[in-house]
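The structure appears below as structure tokens.
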Amino acid sequence: MRRLRAWFWPDGLAGRTTLVLLTGLLALHLGSVWIHEASLRGSHQDARERAIAEGLSQARRALSLLPPVERDRAAHALSSPALELHWREGIPPRGNAEDRESLNLVRQWLVRIAPDLHDIVIGWGDAAEHHLLVGALPLGNGGSISFAAPVFRTSHSAVFDPGGVLALATIAVVIGLASIFLVRGLTKPLRELSKAADRVGRDVASIRIAEEGPAEIRQAARAFNGMQDRIRRLLDERTQALAAVSHDLRTPITRLRLLAGFLDDTQARDRIDASLDEMAAMVETTLDYLREGQELEEPRPTDLVAVLRTICDDASDAGGDVTFEGPEKLVASLRLVAMRRALANLVGNAVTYGGNARVTLCQHAADLIIEIADDGPGIPEAALEQVFEPFRRLEESRNRATGGVGLGLTIARRAAEAEGGSLRLVNRPGGGLSALVTLPARRAAEPPALPSRAAAASS
């Protein structure tokens with residue numbers, strides 16, 4: 001059964017796609033041939049009926065010129081398998097004329113071809129089938145031509161049958177829709193694979209996709225799932241290593257700090273404490289960078305305005321020149337811890353290296369735009385992207401004396417990209433630097449109301 005199914009439904013993506021295309025083309029070809037044959041038969045019928053009308057008109061003119069004794073012999077001579085003619089004295093019976101509507105249509109058709117047949121008398125020789133048209137055509141000088149014509153239609157259309165064209169168009173549309181439906185079904189596993197690959201690095205949870213579809217898709221899904229398992233193991237091993245590094249590095253720093261407290265030389269003790277503080281900051285920042293993506297944090301409803309106001313207030317309390325401008329409230333679905341750390345890094349950089357920070361929040365179409373601007377010296381254009389590289393520092397403005405190790409911007413961009421957004425730096429025309437954070441405006445249910453800073457202080 002499986003082998004029989006493979007004949008009609010190949011296992012490979014190329015085979016299935018080819019089968020769909022060939023089936024559609026074959027159906028379209030058969031439909032067009034059928035419509036062509038139907039139209040051809042219709043045009044032949046039109047030509048035959050036109051010949052009957054013209055034959056009656058010509059016979060009338062010819063017999064009118066002959067004496068009565070020769071008319072019957074001439075009528076027989078003018079007869080054909082498609083039109084039988086006789087000459088009679090007087091007007092013979094016209095046959096069954098019950099179906100007047102169909103007879104009127106036939107009369108109109110004959111008169112349209114040969115206007116001199118306006119006085120023709122017609123009827124059906126077989127009332128049930130309408131396969132035989134009989135009638136008489138009066139002659140001006142007495143007598144009449146009786147005739148019988150087989151296979152005459154009661155309705156007529158143009159040679160180029162609009163119904164045939166409509167049928168062909170319908171077939172083409174149906175085949176096109178069916179092909180689209182089948183091809184989308186064939187490529188659905190590819191779309192799922194693309195979505196899963198796009199989530200790699202943003203979602204720490206293992207992303208597994210179904211191993212189904214054509215052989216190539218199953219193989220790709222199997223390889224992707226295997227890659228995810230290996231990445232998961234590497235991340236787990238790195239998490240364990242981070243815990244060990246965090247403990248091993250903090251312990252000697254704390255021990256050195258305690259030993260420095262026993263020094264009598266106050267100046268030397270202060271220098272050692274400053275160096276230890278710098279080393280501790282470097283260790284914490286490096287661990288934050290390595291830990292990025294390990295937190296099992298899910299997006300949750302967050303008031304972005306409240307987050308930015310809190311960061312700006314904290315920077316102002318620390319002595320920085322920081323202002324905020326934005327709406328009263330704007331709720332979106334975000335990873336709160338990572339985004340707060342990223343925005344705090346950007347505001348801290350603006351205050352430290354630019355002297356101030358002007359934070360604005362607005363919504364443009366489907367994006368949330370956060371701009372953090374300063375009035376500092378800016379960054380050389382060639383280095384606007386280089387500063388996002390890990391441990392990259394600009395010696396003229398971001399050196400170790402300021403406490404930076406070159407990871408703040410890297411962590412901030414990672415956080416923005418994990419939300420499906422972006423972070424870029426732009427030198428302002430009037431001087432200074434702007435950090436532009438763009439986030440998708442993923443609306444969510446509003447979070448519980450947070451207590452204001454004044455209320456928290458009063459409590």
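The values are calculated or read from the model by the stated rules, or taken from the named source; none is laboratory data. Quick caveat, the model's predicted, so the values are computed rather than measured. Here Cβ is always computed from backbone atoms with ideal geometry, including for glycine, and neighbour counts include all displayed protein chains.
Numbers for the structure displayed
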| read-out | value |
| --- | --- |
| Residues of the range 306-320 classified as within 47 Å of the chain's Cα centre (by Cα), more than 17 Å from C362 (Cα to Cα) and charged (D, E, K, R), total | 2 |
| Only listed residue being within 30 Å of V174 (Cβ to Cβ) and either modelled with pLDDT of 80 or more or of a type in the set (G, A, S) (or both), chosen from G31, G140 | G31 |
| Some residue of the range 381-399 being of a type in the set (S, T, Y), outside any loop (DSSP other than H, G, I, E, B), over 23 Å from S333 (Cα atoms) and modelled with pLDDT under 60 | no |
| Close pairs from the range 211-233: first touching a residue at least 12 places away in the same chain (Cβ under 8 Å), partner assigned to a helix (DSSP H, G or I) and basic (K, R), Cβ under 6 Å, at least 6 apart | E211/R218; E211/R222; P214/R16 |
| Long-range neighbours under 6 Å by Cβ, at least six apart or interchain, first residue in the same structural domain as V347 (by TED's automatic domain parsing) within the range 373-389, second at pLDDT 85 or above and charged (D, E, K, R) | A373/R358; F388/R413 |
| Checking N104 against (1) under 29 Å from A167 (Cβ atoms); (2) modelled with pLDDT under 80; (3) surrounded by fewer than 13 Cβ atoms within 10 Å (Cβ to Cβ), the condition it does not meet | (2) |
| Single unsatisfied condition, H247 versus (1) surrounded by fewer than 14 Cβ atoms within 10 Å (Cβ to Cβ); (2) at pLDDT 75 or above | (2) |
| Qualifying positions in the range 325-371 - touching a helix residue (DSSP H, G or I) at 6+ places or on another chain (Cβ under 8 Å) and of a type in the set (D, E) | E328 |
| Pair list, Cβ under 8 Å, 6 or more apart: the range 424-437 residue crowded, with 19+ Cβ neighbours inside 10 Å, other residue part of a strand (DSSP E or B) and of a type in the set (S, T, N, Q) | L425/S434; L433/N427; V437/S422 |
| Failed item in (1) at pLDDT 85 or above; (2) within 26 Å of D314 (Cα to Cα), with G406 passing the rest | (1) |
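One line per residue, one yes/no per condition, for (1) part of a helix (DSSP H, G or I); (2) at pLDDT 90 or above; (3) under 24 Å from L409 (Cβ atoms):
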position: A274; (1), (2), (3): yes, no, no
position: M282; (1), (2), (3): yes, no, yes
position: T286; (1), (2), (3): yes, no, yes
position: E295; (1), (2), (3): no, no, yes
position: F324; (1), (2), (3): no, yes, yes
position: V347; (1), (2), (3): yes, yes, yes
position: L361; (1), (2), (3): no, yes, yes
